[in-house]
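Trainee: Below you will find the structure I want to go over with you.
The values are calculated or read from the model by the stated rules, or taken from the named source; none is laboratory data. Just so we're clear, the structure is a prediction, and the values are computed from it rather than from any experiment. No Cβ is skipped: glycine too gets one built from the backbone with ideal geometry, and neighbour counts run over all protein chains shown.
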Amino acid sequence: MRIATWNVNSVGARLPRLLPWLEEVAPDVVALQETKCADAAFPYADLKAVGYDAAHSGDGRWNGVAILSRAGLDDVSNVLDGHPEPRLVSAQCGPLHVTSVYVPNGRTLDDPHYAYKLAWFRALRERLEGFSPEQPLVVMGDLNVALHDRDVWDISRFDGSTHVTPAERAAVQGLLDWGLVDVEARPGKGDVPFTYWDYRAGMMHKNLGMRIDYLLATPAAPVRDAWVDREARKGKGASDHAPLVADLDL
DNA sequence: ATGTCATCTTAGAGATGA
């Protein structure tokens with residue numbers, strides 16, 4: 001089974017890139033983040049035309065997450081206790097339980113959104129209690145955290161910033177402690193499989209990126225291979241995130 | 001690194017978020 005996660009930075013704007021990418025890469029399941037559209041505007045018909053059922057949770061301009069599947073789509077839920085923003089959707093896709101997450105950015109350390117981010121992580125950790133680390137299950141998406149210093153292009157530039165604080169890293173570690181494994185993609189250019197490069201200042205060209213998109217999998221969902229599709233980050237009309245793709249032995 | 005992109009309001013450029 002081939003799965004992927006991709007922060008598309010607007011599914012509407014990205015559709016001319018997303019549809020051919022689906023046909024080329026042919027994943028069975030895709031988690032999308034930052035769809036930036038309301039449920040009524042989600043391109044269900046375009047996706048169905050290339051073979052995918054879809055579950056979407058979005059309310060307009062910001063956020064929005066989805067799961068695309070051609071392997072089944074059951075038990076869909078977008079409930080995260082205490083957090084009404086559309087940042088999570090989960091479903092059973094054949095043998096695999098899939099959760100697509102878009103963790104709040106946090107903005108700055110003194111912004112209320114930073115506390116919100118940590119609270120959101122706690123709710124996600126609590127939600128896992130409804131599942132078992134023994135079952136084939138993945139949580140994938142934009143965690144907006146760089147787990148290790150090497151996961152940003154220059155840690156010295158992140159002093160006093162979000163994404164690298166001990167509290168944020170501990171929040172991700174809490175998910176791993178439950179029984180999830182951080183499935184790192186094959187090393188990319190520069191030895192680190194970055195998934196995000198800011199649009200500004202030629203960051204992609206200089207490979208000044210961050211690894212903030214994750215595939216977290218239980219051991220019951222064994223991963224044969226995982227890679228970042230950097231080609232999808234290049235050229236006209238690209239998202240600022242690249243897809244993380246993995247082949248599972250399921 | 002602060003060099004872009006996407007969306008909304010509302011008719012054109014500014015605000016917002018990332």
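Trainee: May I ask you to verify whether A:R17 is closer than 30 Å to A:F158 by Cα and within 11 Å of DNA strand B (Cβ to nearest atom)? Break it down into steps so the answer makes sense when it comes.
Mentor: Details: closer than 30 Å to A:F158 by Cα: no; within 11 Å of DNA strand B (Cβ to nearest atom): yes.
Criteria not met by A:R17.
Trainee: Being among the aliphatic types (A, V, I, L, M) and either within 12 Å of DNA strand B (Cβ to nearest atom) or buried (at least 16 other Cβ atoms within 10 Å of the Cβ) (or both) is the filter here; which residues of region A:155-182 pass it? Explain how you work it out, then say what you get.
Mentor: Of the residues in region A:155-182, the ones among the aliphatic types (A, V, I, L, M) are A:155, A:164, A:167, A:170-172, A:175-176, A:180-181.
A:I155, A:V164, A:A171, A:V172, A:L175, A:L180, A:V181, listed by residue number.
Trainee: Wholly within region A:69-154, which strands (runs of 3 or more DSSP E) include no fewer than the required count, namely at least 1 residues that are under 22 Å from A:Y196 (Cα atoms) and within 16 Å of DNA strand B (Cβ to nearest atom)?
Mentor: The strands (runs of 3 or more DSSP E) meeting that bar are A:88-93, A:96-102, A:137-142.
Trainee: For A:A41, are the conditions met, namely being over 28 Å from A:M210 (Cβ atoms), modelled with pLDDT of 95 or more, surrounded by fewer than 17 Cβ atoms within 10 Å (Cβ to Cβ) and near DNA strand B (Cβ under 10 Å from one of its atoms)?
Mentor: Numbers: over 28 Å from A:M210 (Cβ atoms): yes; modelled with pLDDT of 95 or more: yes; surrounded by fewer than 17 Cβ atoms within 10 Å (Cβ to Cβ): yes; near DNA strand B (Cβ under 10 Å from one of its atoms): yes.
Here the answer is yes, as A:A41 does meet what is asked.
Trainee: Here's a follow-up. Considering (1) under 17 Å from A:R87 (Cα atoms); (2) away from DNA strand B (no atom under 16 Å from the Cβ); (3) touching a Ser or Thr at 6+ places or on another chain (Cβ under 6 Å), say which one A:V30 fails and leave the rest.
Mentor: Just one mismatch for A:V30, condition (3).
Trainee: Of the residues A:R107, A:R70, which single one is surrounded by fewer than 23 Cβ atoms within 10 Å (Cβ to Cβ), of a type outside the set (A, V, I, L, M, F, W, C) and closer than 23 Å to A:V245 by Cα?
Mentor: Numbers: A:R107 fails: closer than 23 Å to A:V245 by Cα.
None of the others qualify; the one that does is A:R70.
Trainee: Limited to region A:51-60, what total is found for residues that are more than 15 Å from A:V8 (Cβ to Cβ) and part of a loop (DSSP other than H, G, I, E, B)? Lay out the reasoning, then the answer.
Mentor: Applying the first criterion (more than 15 Å from A:V8 (Cβ to Cβ)) to region A:51-60 yields A:51, A:53, A:55, A:59-60.
Of the ones still in play, those that are also part of a loop (DSSP other than H, G, I, E, B) are A:51, A:60.
Qualifying residue count, region A:51-60: 2.
Trainee: Here is a list of conditions, (1) outside any strand (DSSP E or B); (2) out of contact with any Phe, Trp or Tyr (no Cβ under 9 Å at 6 or more places or on another chain); (3) modelled with pLDDT of 95 or more, and A:N63 meets all of them except one; can you say which number that is?
Mentor: (2)
Trainee: Given the conditions (1) away from DNA strand B (no atom under 12 Å from the Cβ); (2) surrounded by fewer than 22 Cβ atoms within 10 Å (Cβ to Cβ), report the number of the one that A:A217 does not fulfil.
Mentor: Of (1) away from DNA strand B (no atom under 12 Å from the Cβ); (2) surrounded by fewer than 22 Cβ atoms within 10 Å (Cβ to Cβ), only one is false for A:A217: (2).
Trainee: For the structure I just gave you, tell me whether A:A201 is on the phi > 0 side of the Ramachandran plot, surrounded by fewer than 16 Cβ atoms within 10 Å (Cβ to Cβ) and among the hydrophobic types (A, V, I, L, M, F, W, C).
Mentor: When the stated conditions are applied, A:A201 passes them.
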